[in-house]
Amino acid sequence: NDNTTHGGKTQSKHRYHYTPKDSNNTDEYVKINQITPNSFNLNLIVKVVELKMLMKDSKDQMTVAEAVVGDETGCIVISIRNDQIEHFKQNSTLQIKKGRIELYKHNMRLRVDRFGSITPIEVTLTDNMVLTFSQTNLNGFLQTLTIM
């Protein structure tokens, strides 16, 4: 067997697979600027900034897209597929549960697999939660997006 288990993670020769922990605890939410390349089991509240469709394969019934999402601390690219895409409308607010970070060409990408969820939510924004983006920083960030 090429798999070993270390504190909730199963390491194989090729990649890490994370076993979801019991979710009896109150969910702890993080901000984009707290995310690191090794982050997993992430809960976030984000605003959709931009959506870019990458591939639609009618034979395999697979659709792949990337979106830029962010909060008041920064932005990140999220890779999304199939049914997840319908939730990503510009300026909508989403609750992401059990997301994880993958590195793609040395850039962090947020992913939500079968253990996680993406839910549209209505949020009353307070002064502490205002989801705004510096247009200068956002334009620079959008130029760094790469196509798979």
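The values are calculated or read from the model by the stated rules, or taken from the named source; none is laboratory data. These numbers come from a predicted model, not from an experiment. Side chains included, ligands, DNA and RNA excluded: accessible areas come from the protein's heavy atoms. Shrake-Rupley method; radii C 1.70, N 1.55, O 1.52, S 1.80 Å.
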Over the alpha-carbon set of the range 25-124, divide Rg by the Kirkwood Rh and report the Rg/Rh ratio to two decimals. 0.95
May I ask for the distance between the Cα centers of the range 52-79 and the range 84-112, given as a whole number of Å? 7 Å
Surpassing 25 Å at the alpha-carbon level, of the pairs 31/56; 31/52; 47/97; 52/98, are 31/56
Heavy-atom surface of the range 40-123, accessible at 1.4 Å and reported per residue (Å²): 52 Å²
Protein accessible area in the range 51-120, 1.4 Å probe - carbon and sulfur %: 47 percent
